[in-house]
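Written below as structure tokens is the structure these notes are about.
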Amino acid sequence: MDNKSLRQIKYDVTTLPELKERLTVLDYDNQQAEKKAAAYHKDYEEEFQDVLALSEGSIKTAFLKITGQYDEAYCKEHEECMEAKTEFQTAFGLLKQLNRERKDTEEKKTAIKKAKEAFDLILGQRREAVLQNGDEDTKTMLQTIEKQLEVFVKQAEDNKKALMIATELKDTADMALDSLREAERWANNDIWVGNDGASANVRKYNSIERASDSVGILNILLNDLNEILYDSQADFDFRFVPISKFEKNADVFFDNTYSDVRVRSVINVNQDNFGDLVIDIRPVIDMLIDRRPKLKQEIAKLRDAWEELLIDAFEDQERLVSF
């Protein structure tokens, strides 16, 4: 395959996102066109039956003929039938056109992907030829690009993983916060109302327990995130203040204002801790999202440079034109 063909394939590959987007649009347009064609076909069938009814002998037909209204009624029904037929044929024609375009677009996408496989195979062969028989300058440039590409690919993978962890971390902290807010409502009810102490205590501690259950997950996620973001300024420190079994038993057994206020203060401290974690993680998520297209762009630039190097390196080498 010559360099002109390789560059054509390289260009065609850049059109794949546009083709995929066009296929998505065509899928939607096809669905709408099918619905319209079906509706117009139904209208045409109904109008045709009306014409057919007037053509056959019936009490209505006999009455119209006797009163001299048959010809006018038949012309009207026939005209409506022809209009419905035209609308159906137009809708069906559009549907056929969309189906044809979708088929052509899908075939074009498939052909480009198949050509890309051959493109990758040939460039792989050329890469081996450069490393084994190429001049030192070309070999050095190739190895430099590949090292840079490896670094950016690793960064993109880490960024993707960090974003997943950070998002899960925020969602987990948000759910824990909701549980603590519910616990605070029941704690306030216990303090100010106090007429449903046993039930309020059960619901309060169930909510606290749900928040407490998330602490282990959060610590694992924080450790994983800190390891990935070791080279950034992000460093998370999360602390959960537990309510001891003694404090819980005292609160349930004595159920007085002092124990109620004490437990509520612990709930408030943990609310602040979870809230601070959510506040801290938001800019990190934003940073990771912003970094994603930049890394993608750098990887694309390096891959383009890698491909161009391997194409240009064989521009004047007839003996290697088979690659």
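Answer with one residue from ALA166, LEU177, THR138: the one whose Cα lies farthest towards the positive end of the charge dipole of the range 110-184, charges on Cβ with Lys, Arg +1 and Asp, Glu -1.
Projecting each Cα onto the dipole axis, the largest value belongs to THR138.
Could you give the length gained on full extension between VAL13 and ASP120, defined as 0.36 nm per residue of separation minus the Cα-Cα distance, in nm? Could you put the intermediate results ahead of the total?
Numbers: separation 107, 0.36 × 107 = 38.52 nm, distance 1.16 nm.
Roughly 37.4 nm would be gained on extension.
For a footprinting-style exposure proxy, rank TYR28, TYR44 by other Cβ within 10 Å, fewest first.
Details: TYR28 10, TYR44 21.
Result, fewest neighbours first: TYR28, TYR44.
Work out from phi, with θ = phi - 60° and the Karplus expression 6.51 cos²θ - 1.76 cosθ + 1.60, the ³J(HN,Hα) of each residue of the range 7-24, listed in order in whole Hz, and give x for Gly and Pro.
5, 5, 4, 4, 5, 4, 4, 5, 8, 4, x, 5, 5, 4, 5, 5, 5, 4
Only Lys, Arg, Asp and Glu count, each charged at its Cβ (+1, +1, -1, -1), so figure out the dipole size of the range 3-133 about its Cα centre, rounded to 20 debye.
Values: 23 positive and 26 negative charges, 301 e Å.
Roughly 1440 debye for the range 3-133.
Compute the label zone of VAL51 within the range 76-110: residues whose backbone N is under 13 Å from the point 7 Å along Cα-to-Cβ.
Residues 76-89 fall inside that zone.
Apply 1/(1 + (r/R0)^6) to the Cβ-Cβ distance of GLN69 and LYS113, taking R0 = 56 Å, and write down the FRET efficiency to the nearest 0.05. Please list the in-between numbers first.
Working: r = 65 Å, r/R0 = 1.16.
After rounding to 0.05, the efficiency reads 0.30.
When ILE281, ILE220, ILE122 are ordered from fewest to most other Cβ atoms inside 10 Å of their Cβ, what list results?
ILE220, ILE122, ILE281
At a 10 Å Cβ-Cβ cut-off, how would you order CYS75, CYS81, fewest neighbours first?
Ascending number of Cβ neighbours within 10 Å: CYS75, CYS81.
Just to verify a number: FRET efficiency for LYS294 and GLU136, C-beta to C-beta distance, R0 = 22 Å, to 0.05? Could the numbers behind the result be given before it?
Details: r = 33 Å, r/R0 = 1.48.
Efficiency, from the Cβ-Cβ distance: 0.10.
Values quoted throughout were computed directly from the atomic coordinates according to the rules given, and no laboratory measurement underlies them. Just so it is clear, the model here is predicted, and its values are computed rather than measured. In this analysis, Cβ positions are derived from the backbone assuming ideal geometry, glycine residues included, and neighbour counts consider all displayed protein chains.
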